[in-house]
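The values are calculated or read from the model by the stated rules, or taken from the named source; none is laboratory data. Computed from a predicted structure; not experimentally measured. So basically every Cβ, Gly included, is an ideal-geometry build from the backbone, and we count neighbours across all protein chains shown.
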Amino acid sequence: MMRALYTAATGMIAQQYNIDTISNNLANVNTTGFRKNSAHFQDLIYQNLRAPGTPVGPSVVPVGQDVGLGVKIGASEKSFTQGVLQQTSNPLDIAIEGDGFFQVTQPDGTAAYTRDGSFKRDANGSIVTADGYFLNPQITIPQNATSVQVGQDGIVTALIPGQQTPQQLGQIQLVRFTNAAGLAPTGRNLFIQTGASGAPTLTQPGLNGTGTLQGGYLEQSNVAVVEEMVNLITAQRAYEANSKAITTADEMLQTAVQTKR
Amino acid sequence: MVRGMYTAASGALVAQSAVDTIANNLANVNTAGFKRTLLQVQSQPERDLYRFQTDPLKQGSATGVAAQQLVGALGTGAQIYDTPADYAQGTIAATGNDLDVALSGPGFFAVREGNGNVRYTRDGAFLRDQNGFLTAQNGDRVLGRNATPIVLPATGQLQIARDGTVNVDGRAYDKLGVVEFANAAALRPEGANRFVDTGTAGVRAATNTTALQGSLEKSNADVIRSMVDLIANERWFDANEKSIQTQDDAVGQAITTVGRTSA
């Protein structure tokens, strides 16, 4: 059968994946700390119909013939560009300005990483994520403490009744990865380490190229709606164009079949 | 059988290959750094037609000697001549990602595959792998100065100048190994957005190419042109099929009517 049918089908599948990715970005446009994905495509192998130098009679073919077989999904790349910081009134809303992730401990004891700094206090005063996962290193705020502050360097302080100066409760640490794009998203705004991301490096905020912290702010999603809309249009048009290639191939096959009456 | 049928069939087959090629261009309309494939068609070699007849001068002899008289040349159809890539510049779109680099001009990035082979690509959507190597999306290492892979330091602000110089925190660190070719027609597409030098491309350091950080070069496949080509090739295919049908009709007529003995 015609290659065009299958080639155009790979194009439609790729664009479908593209639209799936864009839809997920748009669905998370208001998700704190969300990092947008972008689909990356690669052309498939080329079928060599005739190699250059093939002898034809007394002469040789000066140039070859290749026909491409379509497209494949190369990667779905996370973009770690900074999201907009939005002020909140909660001192435990912490935004990272720059590179780095918060390290949290999942219920099974393994580490996960997030840019979502909307932290809470649990019943014992420990700083936890919205899902109740402990921040690592763990920091506990005494029940009677007031005016909790998070410094740019991650030092958490609070006023304890009866004391004149704020008491230091701990320091939030950030982790960096050589290849943050290689982290695996697991949902709930969390990422986990993979073989491609490299090992996490624990550092103090503001040191060695790590970002600084802003208490009382949340980092919004880095999805730009207009950009996604443009991507959506190009993806849809590409999908349509590929469907036309299928229609054309189909009509040609029909013509070919009808040649014999 | 009827020669014209095979001639028309060769045209239909080329039209089919043309649609295959257009389908591949359309499938890659959103592939970064993709270069569309063109299809060049040529006529198949013409054949001289001779009329064989008995030489009138030799008439009367036991065996008449056949004499050849040239009637003229007969075309035998169409065939694909070449499928060159069109290296025309694709649109450059800003992405804001520091590891995305678009090339403006005739150059290519050089990458090294896991098995040590060097390939060339226009797709500048790079990553930094777990060991700090600057890589293409499929893990091929991007080559820098002296054709050695670029290793980025763990920290520091990455800036890529228009000449390809890789600066880290404002200091020159390495340089993208951008290359140009004396004869880009000798490159062959290999898939995964890479091209391979078939041996006569004539690789040299780039002089007319600028690198643009934070941008990607889009595919140069053109949807409108592809749509028009689809229509044209479908009609070309149809016309050849009609030609086959017409000749089939004529043969059918010959079989049914010429052989008829009585009305």
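Considering (1) surrounded by fewer than 21 Cβ atoms within 10 Å (Cβ to Cβ); (2) at pLDDT 90 or above; (3) assigned to a strand (DSSP E or B), the lone condition that B:A67 does not fulfil carries the number (2). For the residues B:G77, B:G116, the requirement of being on the phi > 0 side of the Ramachandran plot and free of Cβ contacts under 8 Å to residues at least 12 places away in the same chain singles out B:G116.
Looking across the range A:180-206, the residues that are within 17 Å of B:F133 (Cα to Cα) and crowded, with 20+ Cβ neighbours inside 10 Å come down to A:A180, A:A181, A:G182, A:L183, A:S197, A:G198. When B:A8, B:A12, B:A32, B:A23 are checked against the criterion of being surrounded by 17 or more Cβ atoms within 10 Å (Cβ to Cβ) and either more than 9 Å from chain A (Cβ to nearest Cβ) or in a strand (DSSP E or B) (or both), a single residue qualifies: B:A8.
Residues that are within 13 Å of the chain's Cα centre (by Cα) and surrounded by fewer than 19 Cβ atoms within 10 Å (Cβ to Cβ) occur at least once in the range A:80-89. Residues in the range A:70-99 that are part of a loop (DSSP other than H, G, I, E, B) and within 11 Å of chain B (Cβ to nearest Cβ): A:G70, A:S79, A:F80, A:T81, A:Q82, A:G98.
For the range B:35-47, filtered to residues that are facing chain A (nearest Cβ under 9 Å) and touching a helix residue (DSSP H, G or I) at 6+ places or on another chain (Cβ under 9 Å), the residue that is surrounded by the most Cβ atoms within 10 Å (Cβ to Cβ) is B:T37.
Given the condition free of Cβ contacts under 8 Å to residues at least 24 places away in the same chain and part of a loop (DSSP other than H, G, I, E, B), answer yes or no: does some residue in the range A:175-184 qualify? Yes, the range A:175-184 has at least one match.
So that you can scan it fast, the table gives a plain yes or no per residue for (1) surrounded by fewer than 18 Cβ atoms within 10 Å (Cβ to Cβ); (2) more than 25 Å from A:Q82 (Cβ to Cβ):
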{"site": "B:V101", "(1), (2)": "no, no"}
{"site": "B:A110", "(1), (2)": "no, yes"}
{"site": "B:E113", "(1), (2)": "yes, yes"}
{"site": "B:F126", "(1), (2)": "no, no"}
{"site": "B:G144", "(1), (2)": "no, yes"}
{"site": "B:A147", "(1), (2)": "yes, yes"}
{"site": "B:L152", "(1), (2)": "no, no"}
{"site": "B:R162", "(1), (2)": "yes, no"}
{"site": "B:R171", "(1), (2)": "yes, no"}
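Here is a check on your reading of the model: is B:A211 surrounded by fewer than 20 Cβ atoms within 10 Å (Cβ to Cβ) and more than 10 Å from every other protein chain (Cβ to nearest Cβ)? Judged against the criteria, B:A211 is not a match. Collect the residues in the range B:160-199 that are of a type in the set (D, E) and within 14 Å of another protein chain (Cβ to nearest Cβ), keeping them in residue-number order. Hits for the range B:160-199 are B:D169, B:E190, B:D197.
Looking at the structure I just gave you, is A:A224 under 21 Å from A:A95 (Cβ atoms) and within 14 Å of chain B (Cβ to nearest Cβ)? The answer is yes for A:A224. Answer yes if at least one residue in the range A:5-17 is surrounded by fewer than 19 Cβ atoms within 10 Å (Cβ to Cβ), within 12 Å of chain B (Cβ to nearest Cβ) and hydroxyl-bearing (S, T, Y), and no otherwise. Taking every residue of the range A:5-17 in turn, at least one turns out to be surrounded by fewer than 19 Cβ atoms within 10 Å (Cβ to Cβ), within 12 Å of chain B (Cβ to nearest Cβ) and hydroxyl-bearing (S, T, Y). Restricting attention to the range A:33-63 and to residues that are more than 9 Å from chain B (Cβ to nearest Cβ) and within 13 Å of the chain's Cα centre (by Cα), the residue that is nearest to B:T121 (Cα to Cα) turns out to be A:N37. Against the list (1) more than 14 Å from every other protein chain (Cβ to nearest Cβ); (2) of a type outside the set (S, T, Y); (3) over 15 Å from A:F191 (Cα atoms), the condition A:R115 fails is (3). Among the residues of the range B:171-198, the one identified as out of contact with any strand residue (DSSP E or B) (no Cβ under 7 Å at 6 or more places or on another chain) and under 26 Å from A:N179 (Cβ atoms) is B:R171.
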